[in-house]
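Have a look at the structure below, then the notes.
Laboratory data are not the source of any read-out in this text; all were calculated from the coordinates shown. No experiment lies behind these values; they were computed from the predicted model shown. Neighbour counts run over all protein chains shown; Cβ positions are idealised from the backbone, glycine included.
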Amino acid sequence: MKFLAVLCLILIAFAFAAANNHGCNNQPCGKGRICHTLRGFCSCIEIPQCKDVELVSQVKNRWETEGKRFTQYDVEIRNNLDMDITQIYIGTDASLSLRDYTSIWNVNRLPNGELTLPGYQPSVNKNSSYTFGFIINGDVNPSLEILAVTF
């Protein structure tokens, strides 16, 4: 029985590590690079070279309530290729300070803070875009970074 419990813990640890490694061939790509997976082959590419997929943020609204400032953003994931995006991971930091847990929509926020497509949106079609949004405390533009893309 103890053996099964230990085996389950090991499998869970491997699954968690695999889910959080956005590198290629189990190696992180490093700062300023993303893992670009195409037809089962992955490579690390420089972000400035990656015009295949872009994040475009736009302020939709700003207001103040009871002395607190809030800003609403729409973020467009633009797929500029002739093939569908089947998965994307977007990194965030403390600048994504949500107003509350319901202040983010059309995207899944993972426990580690990364954003990914929701289950009802399994892909971003070729040469099209997908928009998600959120409301943050304050008016600082949140830092969003594409970590990995699968086509």
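Let me have the relative contact order for the stretch 87-147, percent, based on Cα pairs under 8 Å that are six or more residues apart.
Once divided by the residue count of the stretch 87-147, the mean separation gives 53 percent.
With a sphere of radius 9 Å drawn around the Cβ of GLY133, what net charge do the other residues whose Cβ falls strictly inside it have (Lys, Arg +1; Asp, Glu -1)?
0
Which FRET efficiency value, to the nearest 0.05, do you get for SER128 and TRP105 by plugging their Cβ-Cβ distance into 1/(1 + (r/R0)^6) with R0 = 22 Å?
After rounding, the FRET efficiency stands at 0.70.
Distance from a point 7 Å along Cα→Cβ of LYS60 to each backbone N in the stretch 126-151: keep the residues under 12 Å and list them by number.
It comes to 131-136, nothing else.
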